[in-house]
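Q: If you scroll down you'll find the structure; I have some questions about it.
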Amino acid sequence: AEVSHVDSATLDKNDLVSYRLFKYEMQMGLEGLKYPTHYMPMNQFWSFTLELPQLGSGSGNQPFKTVKDYDNWLKRLSVFPAWADTAIANMRKGIATGWVLPKALVVKMLPQLKAVVVSNDTSSIFYGPVKAMPASFSQPEKERLKAAYEKAIEAIVNPSYSRLYDFFEKEYLPKARASQGIDGVPDGKAYYQYCIKYWTTTDLSPDSIYNTGLREVARIEGEMNKIKDAVGYKGDMQSFVKYLNEDQRFTPFTSEQQILDSFWGIKRLEGPQLRKLFNDTPKTQFTIRQTEAFRAASASAEYNQGAADGSRPGIFYVPIIDPKKFNCVGMTTLFLHEAIPGHHYQISLQQENKGLPMFRRFCWYGAYGEGWAHYCETLGKELGVYNSPYQYFGHLSDGIHRAIRLVVDIGMHAKGMTREAAIKYMMEHEQITERDATAEIERYMAIPGQALSYKIGQMAISGERKHFEEQLGAKFNIASFHDEVLKDGCVPLNILHEKMEEWAKRQ
């Protein structure tokens, strides 16, 4: 109501973008309230019950530097039982109205909840801050906090997670739905169209996205076949993928540290070329860490943004179950996406930009944010890091992975494709194990439409670049192009297009 009184004609460029974004955010938020998504407050991929142990581990975003930090965390933890009870109450409403998760996902949540509950307080992930207590704390404070943390684990963490586990096992699992797609809930078709708009910031139809996916899968498969032939491999693509998955030359590691060191090596290698592709780079520090054991089995590699004030670095998390089975083929493209220049550059520059109002410094649009990170994978040759055909094949594998997402996400949520058929389609078209394909497909089941954002966004940014390279010729400057894409933070794709058109006129 307030924003309708603003005369947008009087606003400068930056404020006009802020006005449009604010209006868009409010409209999308209001539209989203039509759908009772709070009846499904948890899933196996995104859930507060997975975030809470990260925060409480002592090595996550929650600070544990002062006595006050330690007491603050206990206050926050004290309301977790209320969160758990609210989630259960809402899920009961979901059972009554048909807004429930698919059975296949609930089965995966049970071991996640069980893993947090431990009989010995000191082996709990929530005991981490006690083990890492600063030496500067006085002895009485140390003892008080130790006792308080043990009590919190015993009286808050264990009972709440046990209660959620019992609810899911005894009450929710029998009522979970057999359908895979979100069209299996009441008004699910309309909700999925909303999800498409939410994640892609476009009005694209399910059919048009599905057909784009099929075309991209075919195009990238052609590129992959060229690599297979170039390295002199004689078998078909499936046996080549099997060779890349199983041959020991592609699993060269014996320790977790070697894997982390290898990622640091990619950063060193790309360093000199980054300066040619970007004028503006973030001040936020960056580091690489192994994903915590409690969530590694179901986690993907991910980027955890740094603090806007520079007090905490951006963190690239790598899940390592068994270093001897860690495949190196996709490492470079993964680093370009999740770390530098992907999420770390984009998110850090946005947060650091004090010329933007606060809501814009921290807003997120999947099509722009994931589209940018996926676009960064295409910069590997310019950055000098796709120095072997196998690393480039890893990049194409990631590209086809994002194209497959268009097919299976739309397939499951709008075209009746089963979970099993989606897993099979993924395994037929990319280098992936059945375990990983299953985790991916179940992720798309949990978050309808999110998987569409990567490819839709990347194709938009790559399309803008190609268009302006042709239009501007010698006046096209790649660093200036990248700076312009990033300087206003996350925006819907139509606004990105408009501002890039204006940038081109200035060139």
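The values are calculated or read from the model by the stated rules, or taken from the named source; none is laboratory data. From a predicted model like this one, the values you see are computed outputs, not experimental measurements. Don't worry about glycine lacking a Cβ; one is built from the backbone with ideal geometry, like all the others, and counts go over all protein chains shown. Ligands, DNA and RNA are excluded from the accessible area calculation, which covers all protein heavy atoms including side chains. Shrake-Rupley method; radii C 1.70, N 1.55, O 1.52, S 1.80 Å.
Q: Quick one: which of Asn387, Asn353 is touching a Ser or Thr at 6+ places or on another chain (Cβ under 9 Å), within 21 Å of Leu277 (Cβ to Cβ) and open to solvent by 30 Å² or more (accessible area, probe 1.4 Å)? So that I can check it myself, show each step before the final result.
A: Details: Asn353 fails: touching a Ser or Thr at 6+ places or on another chain (Cβ under 9 Å).
After applying the criteria, what remains is Asn387.
Q: Would you confirm, using the coordinates I've provided, whether Lys197 is modelled with pLDDT of 95 or more, within 27 Å of Cys490 (Cβ to Cβ), among the basic types (Lys, Arg) and surrounded by 13 or more Cβ atoms within 10 Å (Cβ to Cβ)?
A: Here the answer is yes, as Lys197 does meet what is asked.
Q: Additional query: For the stretch 289-299, give me each residue that is in a loop (DSSP other than H, G, I, E, B) and at pLDDT 80 or above.
A: Those that are in a loop (DSSP other than H, G, I, E, B) and at pLDDT 80 or above: Thr291, Glu292.
Q: Sticking with this one: Right, Gly489: within 28 Å of the chain's Cα centre (by Cα), buried (at least 18 other Cβ atoms within 10 Å of the Cβ) and part of a helix (DSSP H, G or I) or not?
A: Spelling it out, it is not the case that Gly489 is within 28 Å of the chain's Cα centre (by Cα), buried (at least 18 other Cβ atoms within 10 Å of the Cβ) and part of a helix (DSSP H, G or I).
Q: Further question: Return yes or no: is Val79 among the aliphatic types (A, V, I, L, M) and in contact with a helix residue (DSSP H, G or I) (Cβ under 8 Å, 6 or more places away or on another chain)?
A: In short, no.
Q: Next up: Out of Asp261, Asp236, report the one residue that is open to solvent by 50 Å² or more (accessible area, probe 1.4 Å), under 30 Å from Phe286 (Cβ atoms), free of Cβ contacts under 8 Å to residues at least 24 places away in the same chain and not aliphatic (A, V, I, L, M).
A: Asp261
Q: If we keep just the residues of the stretch 212-233 that are without any contact (Cβ under 8 Å) to a residue 60 or more places away in the chain and not in a helix (DSSP H, G or I), which is surrounded by the fewest Cβ atoms within 10 Å (Cβ to Cβ)?
A: Looking at the filtered set, the residue picked out is Gly232.
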